[in-house]
Amino acid sequence: MDSLVLSNIRQRPTRTLISVAGVALGVILVILNTGLVRGMLNDRIRREQGVGAEIQFMRTGSKTLSPSSAMPLDVRYGDRLKQIPGVRMVSPIGHYVQSGNSGLGIEVVDGVEFDTYSTVSNLRIVEGRPFQSDDEVIIDDFKAKHGKLGVGSEIQVFGKKMKVAGIYSPQIGSRIKMSLGAMQRALDAENKCFSILVKVDDRDKQEEVVRRIEAELPGNQVVLTRDIGLSFGREIPGIQGFVRAVMGLSIVVSALVILLAMYTTITERTREIGILKSLGASKAYIVGVIEKEAIAISLIGVAAGLAVALIAAFGIERVTTLQLEFHLRGVLTAALIGLGAGAIGALYPAVRAANQDAVKALSYE
């Protein structure tokens with residue numbers, strides 16, 4: 001049976017190539033989209049958790065990745081927070097969400113008070129200097145390297161060109177930072193910010209400080225920085241639904257391609273099937289031959305899809321600041337989707353072939 005399967009694949013290279021491409025496309029969709037979603041979220045979580053502050057104070061319902069909630073909080077909350085026992089320092093920050101400069105994904109710009117923010121987070125300028133005017137920004141070393149940017153380069157923020165005044169390290173918060181005052185003026189949000197970073201005197205007592213803040217300033221959202229990643233997946237509307245939709249689409253595309261290819265093949269091989277049945281081949285044997293052929297094609301498609309997805313991921317990470325993460329479970333899921341779709345797509349043509357009348361099949365021209 002195996003030699004017959006391989007022979008059928010070799011004899012129809014164009015059909016095989018199209019079928020392989022259909023399965024590979026489904027695998028590529030699953031791997032790239034799930035890897036991109038996981039990579040973006042985990043990269044953002046790592047950078048948010050590395051800001052140095054133990055607590056983030058914000059308005060209830062504020063979402064980091066939502067343009068509509070960029071500056072909902074009054075910065076004067078900072079003065080009240082500093083009076084709470086256990087609070088060492090506060091630093092207000094703003095957020096502005098824009099399209100990525102590469103045209104892929106989104107990019108968040110932080111508005112910060114440099115002196116307080118650098119003290120809380122241990123941010124340091126490794127090249128150039130801090131921003132000094134409204135049209136200046138600083139970027140992290142990762143963005144500088146991947147974007148081939150340096151001191152004096154220009155990037156787009158608020159739809160206009162701004163000058164890179166300095167490059168900072170470590171990679172914390174958003175990759176672009178500007179003056180909070182400049183962001184307030186650009187957004188017409190005087191005395192507003194997105195959240196306030198809170199540095200405590202004793203890290204072992206941060207939960208106690210949280211309870212004091214909630215008692216003193218009720219009706220607001222107080223989040224431990226170590227837990228900030230728990231809500232990130234919920235901040236992107238429909239993220240899980242999107243991933244499931246991509247997987248469903250991949251199954252449909254792969255299954256349809258295999259179904260059409262195998263259906264056409266069965267029509268072309270009607271006489272061959274008649275010969276097999278006249279020689280005593282059972283229905284199960286014929287179904288098995290066709291299913292094996294579909295699975296063999298799917299295996300080739302899965303391998304090709306994995307290779308293309310890894311090459312594409314390498315290219316995306318080289319030309320953008322987007323991060324992709326691939327886990328063994330995700331790769332196995334993509335492979336199973338490709339193989340399953342191929343087997344399902346070939347099932348109807350296989351059953352149809354097995355049920356053909358041997359006499360009619362032999363007389364087919």
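Just so you know, all these numbers are worked out from the coordinates, no wet-lab data involved. These figures come from a predicted structure and were not determined experimentally. Here Cβ is always computed from backbone atoms with ideal geometry, including for glycine, and neighbour counts include all displayed protein chains.
If r is the Cβ-Cβ distance from Glu190 to Val252 and R0 is 41 Å, what FRET efficiency results, to the nearest 0.05?
Values: r = 52 Å, r/R0 = 1.26.
The calculated FRET efficiency here is 0.20.
Neighbour counting of Cβ atoms within 10 Å sorts the residues Lys192, Lys283, fewest neighbours leading, into Lys283, Lys192.
With a simple spin-label model that places each label point 7 Å from the Cα along the Cα-to-Cβ direction, the separation between Thr333 and Arg203 comes to 3.3 nm. The alpha carbon radius of gyration of segment 61-218, expressed as a multiple of 2.2 N^0.38 Å, is 1.07. With a simple spin-label model that places each label point 7 Å from the Cα along the Cα-to-Cβ direction, the separation between Ala312 and Asp227 comes to 3.8 nm. Near Asp115: Cβ cut-off under 14 Å, other residues only, Lys/Arg at +1 and Asp/Glu at -1. The net charge is +3. Amide H contacts of Val157: Met162, each under 5 Å away and 5 or more positions distant or on a separate chain (H built 1.01 Å from N in the peptide plane; Pro and chain starts excluded).
In this calculation the C-beta distance from Leu149 to Ser99 is compared with R0 = 22 Å, giving a FRET efficiency of 0.80. Most tightly packed first, judged by the mean number of other beta-carbon atoms within 10 Å of their residues, the peptides 162-175, 116-129 read 162-175, 116-129. Sorting 21-29, 332-340 by average packing, meaning the other beta carbons within 10 Å per residue, from highest down gives 21-29, 332-340.
Across segment 61-218, Cα pairs under 8 Å and at least six residues apart give a relative contact order of 32 percent.
The charge dipole of segment 61-218, taken about the Cα centre with unit charges on the Cβ atoms of Lys, Arg (+1) and Asp, Glu (-1), comes to about 260 debye, rounded to the nearest 20.
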